[in-house]
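Worksheet for the structure shown next.
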Amino acid sequence: MTRIDVGSVLRHSANLPFSDLVTRPTGAAVRRCIQTELAALSEGDVALLDFSRIGMMDYSCADEVVAKLLIALAGQDAHSGYIVFHGITDAHLEAIETVLDHHGLALVVQFADGGARLVGSVTDDERAIWETVYARGAVATNHEPAERARILESLVQRRLLRHDGVAYAPLGPVQ
């Protein structure tokens, strides 16, 4: 798993001495730098975007850094790479959830204790199936009822799960 420190990216890309993601141009600069780093990943790699050194994040930066990044990835092959968000605080979540809901997007947040959850626009069925895969560590592909298989494949297309042809699996290590 490749770790990208968003706080460090902010300081270098925007040449700013503070740790707050505010203003759309700042968010766009950070997103472009992150996209450059993500482009260097190999197929199937997982990048951990670490927000633990980010203070405040306003809605425009959540839109630029999170939503536009996910939208750009959605246009690529579903197996080209994955992102897990780490270090997200309750203060970040308000802005992030708002932009995710607005765009119909979702993401995986991994917490310091190793636990993870889905954030954003997902149905109750998607959340329940994702939580089952996460809890088990993997779910075999064969013998899935049609609706469950459709939801699992949708979660893969949205980059919320991985599929290797044999099983569906979480994006990162399961504790």
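Shape of the stretch 1-89 from the C-alpha gyration tensor: prolate (a/c of 1.5 or more and a/b above b/c, with a ≥ b ≥ c the square roots of its eigenvalues).
Counting every C-alpha pair in the chain, the share spaced more than 26 angstrom apart comes to 26%. Take every DSSP beta bridge with both residues inside the stretch 2-121 and express the antiparallel ones as a percent of the total, to the nearest 5. In the stretch 2-121, DSSP labels about 30 percent of beta bridges as antiparallel.
What's the exposure ranking of LEU70, LEU10, LEU100, going from fewest to most Cβ atoms within 10 Å? Display every interim value, and only then the final one.
On the way: LEU70 20, LEU10 26, LEU100 23.
Exposure proxy ranking, most exposed first: LEU70, LEU100, LEU10.
Taking the number of other C-beta atoms within 10 Å as the exposure measure, put PHE111, PHE51, PHE85 in order starting with the fewest.
Values: PHE111 11, PHE51 24, PHE85 21.
Least to most surrounded, the residues fall as PHE111, PHE85, PHE51.
With neighbour counts taken as other beta-carbon atoms within 10 Å, the residues MET1, MET57 rank, fewest first, as MET1, MET57. Given +1 at the Cβ of Lys and Arg, -1 at the Cβ of Asp and Glu and no other charges, the dipole of the chain around its Cα centre is 340 debye to the nearest 20. Only helices at least 24 Å long along their own axis, judged from Cα atoms, and with Kyte-Doolittle mean hydropathy of 1.0 or greater: name those in the chain from DSSP H. Counting only whole DSSP H runs, no helix qualifies. For the chain, averaging the sequence separation of C-alpha pairs within contact (under 8 Å, six or more residues apart) and dividing by the residue count gives a relative contact order of 19 percent.
Read-outs throughout are calculated quantities, based only on the coordinates presented, and are distinct from any laboratory measurement. All figures in this text were calculated on a predicted structure; none of them were measured in a lab. Here Cβ is always computed from backbone atoms with ideal geometry, including for glycine, and neighbour counts include all displayed protein chains.
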